[in-house]
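Please read the structure below before turning to the comments.
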Amino acid sequence: MAWPVRDDRAWRRPAGSLLAALLLVLLLSLLAAPDGVPAAAAQDQSVGPVTGRPLPRFASLASARVNARAGPGVEYPIRWEYHRQHLPVLIVAESQNWRKIRDQEGDEAWVHHALLSGRRTFLVAGRIATLLEEPHRSAAALLRAEPGVMGELEGCDDSWCRVVLADRRGYLPRGQVWGVAPDE
């Protein structure tokens, strides 16, 4: 059976599985997390119970094909597949070898930790962005990028992010970068 593809532009979920997914979500919300904390409360923690690292935190997909599941284990159905290596995702929860991720569209699913990377990437968000040579509006333009274009994130300050797009290093306004937390 071929699973629906989830990439940066288009996706769909398997027909007929919506009711099953809703029932599974309801069941999971009633169950407790492995440490005895209700699942909703476990997601509100500031550090992951498995890694001790901050939650939420950004990561990226380590593989060009990643199965996204309805729950933290291979026994849970695949909701969709991501087909874009290095796509930035937000890790919002942990359970043993599984991480619950949120993508740019706000959808959440569980993936195995081995399919995630610490490599920091970003997506151009909002509207067409102009990569600038320096971190100020009057700087020389290097290129323009459409929403959804992916690049490497080098770091951000309050207003600007230093990024690499199409092998060019420059700056984008922080508001046009999806893949960086407000407190970074």
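Observations on the structure shown:
- Any hit, region 123-130, residues being touching a helix residue (DSSP H, G or I) at 6+ places or on another chain (Cβ under 7 Å) and surrounded by fewer than 20 Cβ atoms within 10 Å (Cβ to Cβ): yes
- 1 or more residues more than 23 Å from residue 46 (Cα to Cα): qualifying strands (runs of 3 or more DSSP E) within region 71-151: 78-82, 121-124, 129-132, 141-145
- Test: residue in region 80-88 that is within 30 Å of residue 171 (Cβ to Cβ), in contact (Cβ under 8 Å) with a residue 60 or more places away in the chain and of a type in the set (S, T, N, Q): no
- Condition check for residue 106: in the same structural domain as residue 49 (by TED's automatic domain parsing), out of contact with any helix residue (DSSP H, G or I) (no Cβ under 6 Å at 6 or more places or on another chain) and loosely packed, with under 14 Cβ neighbours inside 10 Å: yes
- Residue 149 satisfies every condition listed in (1) farther than 25 Å from residue 59 by Cβ; (2) crowded, with 16+ Cβ neighbours inside 10 Å; (3) among the hydrophobic types (A, V, I, L, M, F, W, C) except (1).
- Flag if residue 184 is within 17 Å of the chain's Cα centre (by Cα) and assigned by TED's automatic domain parsing to the domain that holds residue 57: no
- Qualifying positions in region 89-99 - crowded, with 16+ Cβ neighbours inside 10 Å and either without any contact (Cβ under 8 Å) to a residue 12 or more places away in the chain or farther than 26 Å from residue 175 by Cβ (or both): 93, 94, 95, 98, 99
The values are calculated or read from the model by the stated rules, or taken from the named source; none is laboratory data. Note that the structure is a prediction, hence the values are computed from the model and not measured. Heads up, the Cβs are rebuilt from the backbone with ideal geometry, glycines too, and the neighbour counts pull from every protein chain shown.
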